[in-house]
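Enquirer: Input: one structure, supplied below.
Where a number appears in this text, it was derived from the coordinates with a stated rule and is not lab data. Just so we're clear, the structure is a prediction, and the values are computed from it rather than from any experiment. Neighbour counts are summed over all protein chains in view; Cβ atoms, including those assigned to glycine, are modelled from backbone coordinates with ideal geometry.
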Amino acid sequence: MFHLPDTTRRACGLILLLGMLTSMLPATTTTAAAQKTRRTRARRAAAQPAPSPVPTPIVVPRLSSAAARPANAAVAPSQPPPGTSAPQTTPAPRPAQTPQPAPTPASSDEVIDEDEVVRVTSNLVVVPVSVTDAGGNAVQGLKVGDFKLEEEGRAQELAAVGDADQVPLDIAIVFDVSSSVTKNFEFEKKSAAGFLKQVLKPIDRAAVFSITEKPRLEQALASAESATSKLLTIPAADKPTGTAFYDTITAAAKYLAANAPERNRRVILVISDGEDNFSDRVRDATIAEVGKGGNLLTAAEKQKGLHQRALQEVLREVQRADAVFYSINPSGPGLRLNVISQRAQDGMRVIAETTGGNAFIPEKLESLDAVFRQIAAELRAQYLLQY
C-alpha cells in the first residue's frame, strides 16, 4: 500500500475543500438574488392600487323597427354598409283590422246597475189640480179614469193620481206692507192668521215675507203656530215707501225651491195690489223719469214694456220652484178705474192661471174670510196628476 506523506495529504484535502466551495458559490448567489427579486416584486405589487374592475358588457337584444317606433310612425328604409348590397327582405304582413261594432245608443228607459244601486231615467211630470163642486166644496175620491189631461192639444196618459192631502204643504205667504195697502192691514193679518191655522196640519209649514222697498223674510218655514205669531207682529208702513213686488215674489219662489223638499207641495200666497215701483228691474228707470220732471204715473206708463218683461221673469221663477200662485187684491172693485192697478191685477192673474192657482178680488172687506176659506178648500181638494 502506497502512503502519502502527511503534508501532501493535508494539501490535497485543502484543494478538494476549495473546489467544493467554489462549485457551491454561484448556486447560492443565484438563489439569494431570486429570493430578493421575488421580495421586491411582492413589495411593488403591494404598493400599487388594485385596478378598477372592468364592467362586463351586457348584450341587449335590439328591438325590431316595428316594436321600437310608435304605431303610427313611418319606417325609414335602412341603408346598407358601403360596398354591400341591400338584402332583399320580405315585409312582414300587417295584421288585419278587426272592425269595431257601432255603439248601441242607450235607451232613455235603460236601467244601469252601478254598485248595486238601480238608477232609472224618468221624465215624470206632476201637475197639481184642484177639484171643487159648484158650492166650492172639495170633491174627494177621484181616480185616474176621472181625469183627462192634454198638453199642447195632445192627450197624455196618466201614470197615477195622488191624493194631495197626504203630501206635506209648504206655503210662502207674502204681505204687502207698503203705503198703498195699509188701510185694512190689521184685518188682513188676522184673516191670514186664521187661514194658516185652518189649512196647515202638523206636517205642513209656512214662511212669511213682507213687501217693502226690498224683499224681507220675516219668518222661515215653520209650524202654523210659529208663522202665525210672527205674522201678527208685522207692522204696517208708517210713511210712504216703495214697493218691490217683483223682487219679493222672486225671492219667495227661490226660497221655496231651495228649502222645500221636492216631494212637498209648494204654494205662494200674496196679499197685494201687485203694483211695483221699486224692484231692481224698474227702480232705476222710474227714478230717471221722475228726475226729468215726470210723476210715477207717467213713469209707469212709459215703462209698460219693462213691466211686462219683469212679469215674465217672475213667472219663470215661480215655475222653476214648481209652486202654485194665489193672490188676493185688497183694493176691491175700484182698481178697475185705474189703468196701472188693472195692469198689476192682470199680471197676478196670469201668474196664477199659469201655475194652477187663482187670483181673487174681494168685493168688500168682509169677503176676505170667505176668500181664504175658498183657497183652503182648493188646497185640500188638490190631486197630483202624474204623467
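Enquirer: What does region 216-286 give for Rg and for Dmax, in Å, if only its C-alpha atoms count?
Expert: Rg, Dmax (Cα atoms, Å): 14.2, 42.
Enquirer: How big is the gap, in Å, between the Cα center of region 244-280 and the Cα center of region 346-387?
Expert: 15 Å
Enquirer: Now for a separate question. Just to be sure I understand the model, the point goes 7 Å from the Cα along the line to the Cβ. What's the resulting LYS364 to ASP165 distance in nm?
Expert: Taking the two extended label points, one gets 3.4 nm.
Enquirer: Output the antiparallel fraction of DSSP beta bridges having both residues in region 166-386, as a percent to the nearest 5.
Expert: On the way: 5 of 27 bridges.
Bridges in region 166-386 are about 20 percent antiparallel.
Enquirer: Still on this structure: What distance in nm separates the two pseudo spin-label positions at LYS254 and ASP284, each 7 Å out from Cα along the beta-carbon direction?
Expert: Calculated label separation equals 1.7 nm.
Enquirer: Moving on. Given the Cα-Cα distance of VAL144 and VAL131 and 0.36 nm per residue of separation, how much length would full extension add, in nm?
Expert: Gain on stretching VAL144 to VAL131: 3.3 nm.
Enquirer: Now, a different point. For a bin width of 5 Å, list the pair-distance distribution of region 166-386 built from all Cα-Cα distances, rounded to whole %.
Expert: Final binned percentages: 1, 7, 16, 20, 22, 16, 10, 5, 2, 1, 0, 0.
Enquirer: In the calculated pair distance distribution of region 166-207, what percentage of Cα-Cα distances lie above 11 Å?
Expert: So the pairs more than 11 Å apart make up 68 percent of the total in region 166-207.
Enquirer: How would you rank ILE211, ILE268, going from fewest to most other Cβ atoms within 10 Å of each one's own Cβ?
Expert: Sorted ascending by nearby Cβ count, the order is ILE268, ILE211.
Enquirer: Set the bar at 24 Å for Cα to Cα. Now go through LYS230/LYS364; LYS304/LYS364; LYS183/LYS230; LYS183/LYS254 and name every pair that lies beyond it.
Expert: From the list (LYS230/LYS364; LYS304/LYS364; LYS183/LYS230; LYS183/LYS254), the Cα-Cα distance tops 24 Å for LYS230/LYS364; LYS304/LYS364; LYS183/LYS254.
Enquirer: Jot down the per residue volume, in cubic angstrom and as a whole number, of the convex hull over the alpha-carbon atoms of region 123-234.
Expert: 188 Å³
Enquirer: Nearest 0.05, what FRET efficiency do ARG373 and LYS239 give at R0 = 51 Å with Cβ-Cβ as r?
Expert: Computed FRET efficiency for ARG373 and LYS239: 0.90.
Enquirer: For LEU337 paired with GLU152, estimate the spin-label separation in nm (one decimal), with each label point 7 Å from Cα along the Cα-to-Cβ line.
Expert: Simple spin-label model gives 4.6 nm for this pair.
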